[in-house]
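Enquirer: My questions will all concern the structure given below.
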Amino acid sequence: MEKQLPLTTDNTLAPAATITPAAPVNAAKAPKKFIGYIHNFRGVAIIYVVGAHILLNWREGSVSHKVLDIIMQNSTILFLFIAGYLFQHLSAKFEYKDYLVKKFQNVICPYLLLSIPVLAYRLISQDINGFTLQDHPDFASWSLWRQGSYYLLHGAHLQQLWFIPMIALYYLIAPILLYVDRHPKLYYGVLPGLIIISLVVQRSTLSDTLVMAVHFLSVYVFGMFLSRYKDEYLVFARKYWVLVTVLPIAFLVLNYFISPRFYDNVDYTHKMLFCPFYLYWLWRLEKYVPKFVDVLAVLSFGIYFVHYFFVLLLRGAYQKIFHAAMPGNLVVWTVCLIVVMLLSIWALQLTQRILGKKSKFLVGV
């Protein structure tokens, strides 16, 4: 979720893998190095996120739907892992005030601006989403001011926006997280403790910001941990690549057969295991990664902000033309995913062309 930085393409574990830049003439003006495989991981992660939001009318008991649901749902873990990884990677010259200003410009500002039309619709039409009514059955009786405040503070007004208030809490506690990173022995107590908390405090209603922040904090810190020990991890993964590859796939398969009682914990585990899986394989196969993944990576945060508008557009258009919900099958899902991605990319590129560098205040890129 950080700004794109220059790409590193060397896949060896020698100097390039340590991402140690050559001594610049002016260190203060030296460009920050970016790791190619984590950049490409952003492109992969946004496919997961959008794929999870393609909501279709699948037939009851559909195997393909269940498989897609297991693979795509809870992809927030991939996105948050990358955010934590980049936070640690870019933290050498961390200044809290500057950090918060940049996050306000690149994250909170787009969130507020893109929320305006959605809030207007919600408040005027009183079209209240199901998970808000589930938590607050009397929500319709609240004053408009109270409704609007709740929507904004919890990101409850549009499917994917719950994520922004949650990650904003991580921005606020950044100095605490950096303290752990600058005393790295703390990782070995803090990270296992947070993982246990994530297994106990499970995902809640999307708009339950505090619970979700507690649940996902382990993911963010896991990203920080693997960033700090990026070189050591790649040495480990090269030696034990079979384990790194098979373990997440095994837990994914287990997720298909596990009883509902344990589903969430196994789902959390297999998504966490896929984070180091993708780090290794995107590093190992970097030169084979398609160019479109780079495009998705560059625009990933913007796609996160705008894609759901196009999901709603497709659903609404289909409903209006055919007077039925869009049917769920692999072909329709794939077509919808491609169309939503393309529309999101074109919308972001058009916004960049019109607004130039100011586009980041509206769409985050």
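Enquirer: Every residue in the stretch 279-297 that is within 25 Å of LYS103 (Cβ to Cβ) and either of a type in the set (Lys, Arg) or surrounded by 18 or more Cβ atoms within 10 Å (Cβ to Cβ) (or both), please.
Expert: Step one: filter the stretch 279-297 for residues within 25 Å of LYS103 (Cβ to Cβ), giving 279, 294-297.
Across the stretch 279-297, the qualifying residues are LEU279, LEU296, ALA297.
Enquirer: Let me ask another. Given the stretch 298-365, what helices (runs of 4 or more DSSP H) lie entirely inside it while holding 2 or more residues that are surrounded by fewer than 18 Cβ atoms within 10 Å (Cβ to Cβ)? Let's see the steps before the verdict.
Expert: Details: elements: 300-322, 330-355, 359-363.
Helices (runs of 4 or more DSSP H) meeting the threshold: 300-322, 330-355.
Enquirer: Out of VAL266, VAL235, VAL293, I need the residue that is closer than 24 Å to LEU90 by Cα and under 20 Å from the mean Cα position of the chain (by Cα). Which one?
Expert: Being closer than 24 Å to LEU90 by Cα and under 20 Å from the mean Cα position of the chain (by Cα) holds for just one of VAL266, VAL235, VAL293, which is VAL293.
Enquirer: Tell me, which residue of the stretch 223-268 that is of a type in the set (Phe, Trp, Tyr) and under 24 Å from ASP69 (Cα atoms) is surrounded by the fewest Cβ atoms within 10 Å (Cβ to Cβ)? Reasoning before the result, please.
Expert: Going residue by residue through the stretch 223-268, those that are of a type in the set (Phe, Trp, Tyr) are 225, 229, 233, 236, 240-241, 251, 256-257, 262-263, 268.
Still in the running and under 24 Å from ASP69 (Cα atoms): 251, 256-257, 262-263, 268.
Details: PHE251: 19, TYR256: 14, PHE257: 7, PHE262: 12, TYR263: 15, TYR268: 23.
Once the filter is applied, the top-ranked residue is PHE257.
Enquirer: Are any residues in the stretch 57-103 assigned to a loop (DSSP other than H, G, I, E, B) and of a type in the set (A, V, I, L, M, F, W, C), and if so, which ones?
Expert: Going residue by residue through the stretch 57-103, those that are assigned to a loop (DSSP other than H, G, I, E, B) are 59-62, 73-75, 90-95.
Selection gives LEU90, ALA92, PHE94.
Enquirer: Name the single residue, out of those in the stretch 167-195 being among the β-branched types (Val, Ile, Thr) and assigned to a helix (DSSP H, G or I), that is most open to solvent (accessible area, probe 1.4 Å).
Expert: ILE176
Enquirer: Now, a different point. Restricting to the stretch 86-101, name every residue that is surrounded by 17 or more Cβ atoms within 10 Å (Cβ to Cβ) and hydroxyl-bearing (Ser, Thr, Tyr). Walk me through it before giving the result.
Expert: Taking the stretch 86-101 as the starting set, the residues that turn out to be surrounded by 17 or more Cβ atoms within 10 Å (Cβ to Cβ) are 86-91, 99.
Once the filter is applied, which keeps residues that are surrounded by 17 or more Cβ atoms within 10 Å (Cβ to Cβ) and hydroxyl-bearing (Ser, Thr, Tyr), the stretch 86-101 yields SER91, TYR99.
Enquirer: Determine whether VAL201 is touching a Phe, Trp or Tyr at 6+ places or on another chain (Cβ under 7 Å) and either modelled with pLDDT under 95 or within 20 Å of ARG42 (Cβ to Cβ) (or both). Please lay out each step first, then the result.
Expert: Numbers: touching a Phe, Trp or Tyr at 6+ places or on another chain (Cβ under 7 Å): no; either modelled with pLDDT under 95 or within 20 Å of ARG42 (Cβ to Cβ) (or both): yes.
Spelling it out, it is not the case that VAL201 is touching a Phe, Trp or Tyr at 6+ places or on another chain (Cβ under 7 Å) and either modelled with pLDDT under 95 or within 20 Å of ARG42 (Cβ to Cβ) (or both).
The values are calculated or read from the model by the stated rules, or taken from the named source; none is laboratory data. None of the values given here were measured: they were computed from a predicted structure. Virtual Cβ from ideal backbone geometry, glycine too; neighbours counted across all protein chains shown. Surface areas here come from the heavy atoms of the whole protein model, side chains and all, with no ligands, DNA or RNA. Shrake-Rupley method; radii C 1.70, N 1.55, O 1.52, S 1.80 Å.
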